[in-house]
Structure formats: structure tokens, C-alpha cells
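**Student:** Quick one: the structure is below, questions incoming.
Please treat every number below as a calculation from the coordinates, not as lab data. Bear in mind the structure is a predicted one, so any value in this text is a computation, not a measurement. Positions of Cβ are generated from backbone atoms using ideal geometry, with glycine treated the same way; all protein chains shown enter the neighbour counts.
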Amino acid sequence: MAKKKKIKEIPMYQFDRYECWWEDACGSCEWKSIKEAVQDKPSMCFTEGYLIKKDKDSHIFTMSFQADEVGDQMIVPSKNIKKLTYLYTKKFYEKDYKYETYKKQ
């Protein structure tokens, strides 16, 4: 009896997930002394998400996917990134987006 060949599924896309620490401008509309004001620093921000594009200008992360659309997008200027840590790679398959996949049998 011949073995059935398992058909290899091809991912729709694949993205790496990262932790990203980046600096951002911050401001205040409250009164404070000059002595206090000169001690202020930029804000440190944290983003964790799938890196869908990067270039010399920006890194684009997202957290939510619906087939070929994304939501929860964060665009971080590349020059503001202080630490970028790779977490893992995730493959997304067409079957994952079919509602029937998750219905109880």
C-alpha cells in the first residue's frame, strides 16, 4: 500500500516578532521652575509586535492581522530605536483565517 503524501502548506506570509524600546519626545503644559524643566528627559516607550517592514527611516510593527490586512500598527522612526530584541518567527496560513476552522465539531 502506497503512503499518502502530505501536501505541504505554503504560508501566506511570515513575520518576525520583536520587542522594541524606543525614545519619544514628550512635553508638559504645566508650570515648573527652569531648574526642574532642564532635568526632564525624553520618554522611553515599548512596543512588541510583528515587524512588517523596516528601512533606514522607520520600522513598522503590527499586532493584528485579518488575511491581508493589519491593525494596531505602530511606526517607529529607526533613529529612535534604542534596543530591538528578536523573539520568534510566525507563519500565517490561509486555513487559519477560515471561520470553520474554529467551530466546534
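**Student:** Can you say whether residue 65 is within 24 Å of residue 99 (Cα to Cα) and not small (Gly, Ala, Ser), as far as the supplied structure shows?
**Tutor:** yes
**Student:** Let me ask another. With the condition kept exactly as written, say whether any residue in region 38-47 is hydrophobic (A, V, I, L, M, F, W, C), loosely packed, with under 15 Cβ neighbours inside 10 Å and not in a loop (DSSP other than H, G, I, E, B).
**Tutor:** yes
**Student:** Further, regarding this structure: Filter region 58-73 for residues that are crowded, with 16+ Cβ neighbours inside 10 Å and not hydroxyl-bearing (Ser, Thr, Tyr) and give the result.
**Tutor:** Scanning region 58-73 gives 59, 60, 61, 65, 70.
**Student:** Please work out if residue 96 is among the charged types (D, E, K, R), on the phi > 0 side of the Ramachandran plot and surrounded by 10 or more Cβ atoms within 10 Å (Cβ to Cβ).
**Tutor:** Taking the combined requirement at face value, the residue does not satisfy it.
**Student:** Only one residue in 49, 71 is touching a Phe, Trp or Tyr at 6+ places or on another chain (Cβ under 6 Å) and within 26 Å of residue 12 (Cα to Cα), so which one is that?
**Tutor:** Within the list 49, 71, the selection yields 49.
**Student:** Would a scan of region 23-36 turn up a residue that is without any contact (Cβ under 8 Å) to a residue 60 or more places away in the chain and in a strand (DSSP E or B)?
**Tutor:** There is at least one residue in region 23-36 that is without any contact (Cβ under 8 Å) to a residue 60 or more places away in the chain and in a strand (DSSP E or B).
**Student:** Then there is this: Answer with yes or no whether residue 40 is out of contact with any helix residue (DSSP H, G or I) (no Cβ under 7 Å at 6 or more places or on another chain) and at positive phi.
**Tutor:** Spelling it out, it is not the case that residue 40 is out of contact with any helix residue (DSSP H, G or I) (no Cβ under 7 Å at 6 or more places or on another chain) and at positive phi.
**Student:** Another question, if that's okay. Mind listing whichever residues of region 74-88 are surrounded by 11 or more Cβ atoms within 10 Å (Cβ to Cβ), under 12 Å from the mean Cα position of the chain (by Cα) and in contact (Cβ under 8 Å) with a residue 60 or more places away in the chain?
**Tutor:** Result: 84, 87.
**Student:** For region 5-36, what are the residues that are surrounded by 10 or more Cβ atoms within 10 Å (Cβ to Cβ) and of a type in the set (D, E, K, R)?
**Tutor:** 9, 16, 17, 19, 23, 24, 32, 36
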